[in-house]
Each structure stands twice: as structure tokens, then as C-alpha cells.
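What follows is a short report on a single structure.
The values are calculated or read from the model by the stated rules, or taken from the named source; none is laboratory data. Keep in mind that this is a model prediction, so the values were computed, not measured. Note: ideal-geometry Cβ built from the backbone for every residue, glycine included; neighbour counts use all protein chains shown. Note: accessible area is taken over every heavy atom of the protein model, side chains too, but ligands, DNA and RNA are not part of it. Shrake-Rupley method; radii C 1.70, N 1.55, O 1.52, S 1.80 Å.
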Amino acid sequence: MRLLAIETSCDETAAAVVEDGRRILSSVVSTQAALHAPYGGVVPELAARHHIENIVPVVRAAMAEAALEFGELDAVAVTQGPGLVGALLVGLQAAKSIAFVQGKPLVPVHHIAGHVQAPFLAASGEIPLPALALVVSGGHSHLYAVPEQGVYRLLGKTRDDAAGEAFDKVAKLLGLGYPGGPIIDRLSQGANDRAVEFTVARIKDGRADYSFSGIKTAVLHHVRREGIAPVEDPARVPDQVKDLVASFQRGVVTALLRRLRQAALQEKPRSLLLTGGVAANTLLRREAAATAAELSLPLYLPPIELSTDNAAMIGAAGTWHSSVAFGPAGTPTPTPTCRSPEPPPGGGGRVDSS
């Protein structure tokens, strides 16, 4: 089965062709990071306009790289959400048009389902199930139990800022640039990550939820108290700032993995998955490996290019979901009923939030 997949949920215009949900025939990503850098974050209107400009050449490049014609595809998969509305519409309209003209089924995919599938796409063998998946990105910090392929049960999520969002806001506060995650990761190398002690938020009701607004505000208070000015020259960042962001980074990683460990002890999975854009963070990857070793569980992480937003992961999720049933050409495939307190991962997957 060969799927063309399209992803435009935020500021990457991406297209890929995936075969049988495991083999990437092509993957093309056009990023807008430089466009949004002056604003310290993604500007939705600008993102949508550039998706309109980039979607056709990106799709054509993906098809050319895969050496396929549109008629040789079996289906078209596309991110249905969550994401920026204007950005999502560009990808959805492109996918619907291709599916209709070519007479192919259209497979809607939840963005988080794509991230959950990324480790499966990258694994050399079968991943033992049930698994526990930590999905961490600019918009999400979620914990899912994955009892079987295509089934995701929400265990916990952020109650305010996502981890990646907190990285971006702290970087903007200190004048470090955008996107904040990679910058803070780089500046933290060799810095004293225990120079500033940050408290990890505790959720009183016992749920495996996250909260990163507190540590973000703690950084703000520390900056004001110490009189730390925004960095003017990115090439000359003071050691005080490096130690501060390294301490902040350690606090975020500690919070993420503390909940993961607690959930693992309760759920007793056979494997751990770490995915999403923030999964590219050096400290998080290293400490997650240590946590997995402590729990005597294998850890599966996608490579960096599959951790950040891409269409290959959407194709992998779409292949699984489309295998349930094909709908008429150009229409979404039938999807089982989803029960979740928020839009669940899996435009075709089954979600149990109980």
C-alpha cells in the first residue's frame, strides 16, 4: 500500500510517500522557522500564506523523489488536526483535491497519532506492546497508553503550556531567538544545570498531568530579581544566562520523565516511546534512556528528522487507519467512535479515555 501523506498543521509544509506504513519512499519538508524568527513564534496568517505558496512544489517534489505517478497511489492521508486552522485548511484542500481527481480514498489523521507512529516507522523490528508513549512538542505534552496498534488511551496531558511552548517563551524572554528548544539545548551544553533550583509542579488530584506555566513564571521572576537583560549578541551569551536555561531545561525534563516513570509503574508496559519535536532535545533523550534502563524497558525514539513535524509519520498512521476500511474515492475512511475529553489521536484509531 502506497500513501501520499500531507502535513501542514503548523509551520512546516510537508509531503511524503510511505509504503506499507514502514518504508519511506520520499519525505520533503519546507520549514518556515526563519520566516517566524523575528516574531519569536509562529504567526498563523503568515504560516497559512506560505503553505499556499509551498504546498504544490512540496507535493510534486515528494512524488518525484518517490518516482511515482499519482495514479499509482492507493490513498491520500492528511493531518486533520489539531493545529492552526488556516494552515490545516491548505493541506486538507490539497489532499481532498488530489484524492477526488485521482479517485483515491482520503484518510484523515490526527496529528498526535502521527507522532505516536513515528517510532514504529523508524524501528528495525516490531515494538513490544503494550507501550507507553510520551508525546512532547510545541503544542503537546501528552502521555498515552498504547495497548495495540491504532489504539491510544490518554493518561495525562499539560494543563497549561506545552513543554515546547515553554522553551520558546523562555528563549523569547531572554532574547535568544526562535525556535527556543534547539537554542536552549545548544546553550545548555557544558553549563551548570543546577545553578538555579526550579520546583517541579505537582498535580494534587493524582492525574499524570503536566504543568509548565509555573516554571516559566519562575524564570521570569528570576530574570527580574537578578536584573538579567535580554541577550543582544547571540554569539556572546553570558554564562549566567547559559546556567539559567540549562537549569530550566533540567526542570522541564525532570517533570516529563517523573510522570513517565510513575505511569510506567502503574501501567506496566513492555516498551517506552518518546516522540514529538521536543524529543530531539539532547538531555531528554539521554535521561529518557536512563529511565528506561532503570525500569528494564526498551526505549524507542525516532531520528531527529522524524521527531519534528513531517508527513512520513502521517503516512505511517494513515496506512494503519486506512487498513480498517476504504471509503469512496475522495471521502474520509469510516472511523470508529472515539471517546476522549479532547480531540483524540487517530482519524481512524480507537481511543479510550477511561
note = Checked S247, S271 against criteria (farther than 18 Å from V170 by Cα and either under 20 Å from the mean Cα position of the chain (by Cα) or surrounded by 17 or more Cβ atoms within 10 Å (Cβ to Cβ) (or both)); the one match is S271
inquiry  = Looking at A317, A288, A292, A263, can you tell me which residue is within 30 Å of A61 (Cα to Cα) and among the small types (G, A, S)?
reply    = A317
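This table checks each residue for (1) part of a loop (DSSP other than H, G, I, E, B); (2) hydrophobic (A, V, I, L, M, F, W, C).
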{"residue": "I184", "(1), (2)": "no, yes"}
{"residue": "R194", "(1), (2)": "yes, no"}
{"residue": "A208", "(1), (2)": "yes, yes"}
{"residue": "L220", "(1), (2)": "no, yes"}
key: Hits in the range 208-236 - residues which are modelled with pLDDT under 90 and loosely packed, with under 13 Cβ neighbours inside 10 Å   = P234, A235
message = Just the residues that are part of a loop (DSSP other than H, G, I, E, B) and within 24 Å of G227 (Cα to Cα), please, taken from the range 160-178.
response = L174, G175, L176, G177, Y178
query = Could you list, in sequence order, the residues of the range 177-192 that are of a type outside the set (D, E), open to solvent by less than 20 Å² (accessible area, probe 1.4 Å) and at pLDDT 95 or above?
reply = I184, L187, S188
note = Filter the range 147-159 for residues that are in a loop (DSSP other than H, G, I, E, B) and open to solvent by less than 60 Å² (accessible area, probe 1.4 Å); the one that is farthest from C10 (Cα to Cα) is Q149
task = Would you check if S124 is assigned to a loop (DSSP other than H, G, I, E, B), among the polar types (S, T, N, Q) and either closer than 27 Å to P230 by Cα or open to solvent by 10 Å² or more (accessible area, probe 1.4 Å) (or both)?
result = yes
request  = Quickly run through the range 86-142 and pick out the residues that are of a type in the set (S, T, Y) and at pLDDT 95 or above.
outcome  = S97
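When you scan the range 22-40, how many residues do you find that are over 24 Å from L4 (Cβ atoms), in contact with an Asp or Glu (Cβ under 9 Å, 6 or more places away or on another chain) and either in a loop (DSSP other than H, G, I, E, B) or open to solvent by 70 Å² or more (accessible area, probe 1.4 Å) (or both)?
1
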The range 72-84, subset surrounded by fewer than 17 Cβ atoms within 10 Å (Cβ to Cβ) and touching a Leu at 6+ places or on another chain (Cβ under 8 Å), residue farthest from Q117 (Cα to Cα) = D74
query = For the range 41-71, which residues satisfy the criterion of being open to solvent by 50 Å² or more (accessible area, probe 1.4 Å), of a type outside the set (A, V, I, L, M, F, W, C) and not in a helix (DSSP H, G or I)?
reply = E69
query = Got a sec? Which of L260, L265 is open to solvent by less than 50 Å² (accessible area, probe 1.4 Å) and either part of a loop (DSSP other than H, G, I, E, B) or hydrophobic (A, V, I, L, M, F, W, C) (or both)?
reply = L260
message = What pairs come out if I take residues in the range 251-267 that are farther than 10 Å from L134 by Cβ and pair them with residues that are open to solvent by 50 Å² or more (accessible area, probe 1.4 Å) and of a type in the set (V, I, T) whose C-beta lies under 9 Å away, six or more apart or interchain?
response = G251/T199
inquiry  = Every residue in the range 272-325 that is out of contact with any Asp or Glu (no Cβ under 6 Å at 6 or more places or on another chain), among the small types (G, A, S) and either outside any helix (DSSP H, G or I) or more than 19 Å from G21 (Cα to Cα) (or both), please.
reply    = G276, G277, A279, A280, A288, A289, A290, A292, A293, S296, S323, A325
query = Which of the residues that make up the range 72-102 are in a helix (DSSP H, G or I) and of a type in the set (G, A, S)?
reply = G86, A87, G91, A94, A95, S97, A99
query = Are any residues in the range 281-302 in contact (Cβ under 8 Å) with a residue 40 or more places away in the chain and either closer than 26 Å to A95 by Cα or basic (K, R) (or both), and if so, which ones?
reply = P302
task = Taking A195 as the residue in question, decide whether it is surrounded by 18 or more Cβ atoms within 10 Å (Cβ to Cβ), out of contact with any Phe, Trp or Tyr (no Cβ under 6 Å at 6 or more places or on another chain) and not polar (S, T, N, Q).
result = no
